[in-house]
Structures are given as C-alpha cells and as structure tokens.
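So the structure is just underneath, and the comments pick up after that.
The values are calculated or read from the model by the stated rules, or taken from the named source; none is laboratory data. Here the structure is a predicted model, which is why all the values come from computation and not from measurement. Cβ placement follows ideal geometry from the backbone for every residue including glycine, while neighbour counts extend to all protein chains displayed.
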DNA sequence: TGGAATGTTGGAAC
DNA sequence: CGTTCCAACATTCC
C-alpha cells in the first residue's frame, strides 16, 4: 500500500503513539538496532511522499514500503515483522517487508517538503518550474519522479494523465502552459481523492484508466504498455489523451 | 503455478 | 567522472 495517500492514512492511524514511550522494539531489520529505540519517546511521526519518519531523541528512522510492504496496528500478521514497536499504552505497530533506514542529521534539511503532494507545504509553482527545466522528460516519467511529485505512484500517474487527457509519452516541454498547470494541479487533487476513496474502501471502483480495459469516455479499448525510463505500466486512451510532442 | 504488481537501489556499463 | 541501465529484492494475488 505504498503511494503517498496511504502513508497519510498510516500516519493518522498511528498518531496516538506520538508522545508515548517505546517499551518494546524488535524485528528482523538489519539496518538499525531496534534496541536503540527502546525506552525512547516517540517525538514525531511524519511523512514525506512514500516515506514514514519516526523521530525519537537523537534518531530518525525512515520506513519505506516499496512495492510489497505492509503494516498492522494493535494486531500481528503471521509473518516475521521487519520492525515492531510496543508503546506504553499497550498498543503496538508492526512493519512488514519494508525498508528501514536511519536518517542522518536534520530531517528538515534533507527533505524538501514543498515536493510532497500531500503536504501543506506543497508548492505547485516549484513543480512547474522543475518541469520546465526538463522539457524532454516524458509525462509518464515526470509524475513518478519523487523529487518533483513525492508520493505519486503508478496508480496516481495513470489516473492523472487520464483526467488531464495527456498521453503518457508526451514531452513535458511540449505541453501548453495550461496543460502543464493542469498536470501539476491534478497530481495533488487526485491524490486527495485517492486518500478519501481509500479511507472509504472504494478506491478501485473509482479507477478510470489504471488496470482498466475500456475508456469510460470513448468506450474504446484502452492501450496498455510498459512506458518511459521508469518502465511502469501505463493505461491510456489513444482517442482522448493527446500526444504532445 | 508462473507471472505480474501501488517501488527503489546499488553497482555495472557506457 | 557523470549518466544510464538493469538486476535484485520482497510478497501477495490470481
């Protein structure tokens, strides 16, 4: 469950642990020593794109779920946890099949919060400017670029391109200003729709292009291919998504 | 049951 | 030395 909106849900689900002492810490992670977290107070729980940041005094741990990672709160799966944290109130959180890393130094210095499509600090003008500086970049690659659209994943990519009627192989430099603006705007707008639909457990039924066979506008078959430098699945309509080149 | 999938990284190759 | 490419990793579902 790794796109940005899902991380927001996780952050909200785990918010009650902030301020509590970590009384148990274990797991099969090899990148940090879980024992270092024991006895520490969880100072903050933040997200940046697809990253979850756990801050305790003198240490920040970054969790990334990649493609297969999952978590559970107040329950366990029948699988070894990469990292498990137990809190003073008796609750616990378990992370599975994820990447665990310690972040060196100041978190605020290392992350550009303006790039996170879910963040209050999201700055669409910054995204547009970055895109204008890379005119040859394909639209399908641009949306997956975490330095520009942190939190956007393959589902959001396909839905944003469909909504904005932009062909995935369009060069961003060929987009008229209004289209570029729409692309950036929808990257955030769709991400918040994703968040609401995911919370309501109705995300998939709202997919218009991703993993779909037919264009809901034209009723013709959608195209499906592995596209771009990112080599990810794209679903698009040749009739209603314009190829800017 | 083999293949595909909401993703990133490290190191090889150029 | 910088940029690009690809194998590797990890898990579940159909």
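Kindly indicate whether residue A:57 is in contact with a helix residue (DSSP H, G or I) (Cβ under 6 Å, 6 or more places away or on another chain) and on the phi < 0 side of the Ramachandran plot. No. Within region A:5-33, no residue satisfies the criterion of being outside any loop (DSSP other than H, G, I, E, B) and at pLDDT below 95.
So which residues in region A:62-89 are touching a strand residue (DSSP E or B) at 6+ places or on another chain (Cβ under 9 Å) and either surrounded by fewer than 14 Cβ atoms within 10 Å (Cβ to Cβ) or farther than 15 Å from residue A:52 by Cβ (or both), if there are any at all? Steps first, answer last, please.
Within region A:62-89, the subset touching a strand residue (DSSP E or B) at 6+ places or on another chain (Cβ under 9 Å) is A:62-66, A:68-77, A:79-88.
Residues satisfying the conditions are A:66, A:68, A:73, A:74, A:75, A:76, A:77, A:79, A:80, A:86, A:87, A:88.
Exactly one residue out of A:219, A:229 is free of Cβ contacts under 8 Å to residues at least 24 places away in the same chain and in a loop (DSSP other than H, G, I, E, B), and it is A:219. Scanning region A:140-176 for residues that are part of a helix (DSSP H, G or I) and without any contact (Cβ under 8 Å) to a residue 60 or more places away in the chain turns up A:142, A:159, A:160, A:163, A:164, A:172, A:173.
For region A:92-112, the count of residues that are surrounded by fewer than 18 Cβ atoms within 10 Å (Cβ to Cβ), more than 12 Å from DNA strand B (Cβ to nearest atom), modelled with pLDDT of 95 or more and not assigned by TED's automatic domain parsing to the domain that holds residue A:152 is zero. Pairing each residue of region A:63-85 that is over 26 Å from residue A:146 (Cβ atoms) with any residue that is part of a loop (DSSP other than H, G, I, E, B) and away from DNA strand B (no atom under 12 Å from the Cβ), provided the two are 6+ apart or on different chains, yields C-beta distances under 6 Å for A:74/A:91; A:80/A:28; A:84/A:27.
The selection criterion, being within 16 Å of DNA strand C (Cβ to nearest atom) and either more than 15 Å from residue A:26 (Cβ to Cβ) or not assigned by TED's automatic domain parsing to the domain that holds residue A:26 (or both), does not hold for residue A:60. Here is the figure for region A:232-245: residues that are in a loop (DSSP other than H, G, I, E, B), surrounded by fewer than 19 Cβ atoms within 10 Å (Cβ to Cβ) and either in contact with a strand residue (DSSP E or B) (Cβ under 9 Å, 6 or more places away or on another chain) or without any contact (Cβ under 8 Å) to a residue 24 or more places away in the chain (or both) total 4. Checking region A:46-53 against the condition returns a match, with at least one residue being more than 16 Å from DNA strand C (Cβ to nearest atom), crowded, with 16+ Cβ neighbours inside 10 Å, assigned to a loop (DSSP other than H, G, I, E, B) and at positive phi. Filtered by the rule that a residue be surrounded by fewer than 16 Cβ atoms within 10 Å (Cβ to Cβ) and in contact with a helix residue (DSSP H, G or I) (Cβ under 8 Å, 6 or more places away or on another chain), region A:212-231 gives a lone residue, A:229. Give region A:14-36 a look and list any residue that's within 17 Å of residue A:52 (Cα to Cα) and surrounded by fewer than 15 Cβ atoms within 10 Å (Cβ to Cβ), or say none. Selection gives A:15, A:16, A:19, A:31. Quick check on residue A:195: is it touching a helix residue (DSSP H, G or I) at 6+ places or on another chain (Cβ under 6 Å), at pLDDT 95 or above and closer than 18 Å to residue A:236 by Cβ? Considered against the rule, which asks whether it is touching a helix residue (DSSP H, G or I) at 6+ places or on another chain (Cβ under 6 Å), at pLDDT 95 or above and closer than 18 Å to residue A:236 by Cβ, residue A:195 comes out as no.
Quick check on this structure: which one of A:189, A:182, A:150 is more than 16 Å from DNA strand C (Cβ to nearest atom) and out of contact with any helix residue (DSSP H, G or I) (no Cβ under 7 Å at 6 or more places or on another chain)? So that I can check it myself, show each step before the final result.
Details: A:182 fails: out of contact with any helix residue (DSSP H, G or I) (no Cβ under 7 Å at 6 or more places or on another chain); A:150 fails: out of contact with any helix residue (DSSP H, G or I) (no Cβ under 7 Å at 6 or more places or on another chain).
Residue meeting the stated conditions: A:189.
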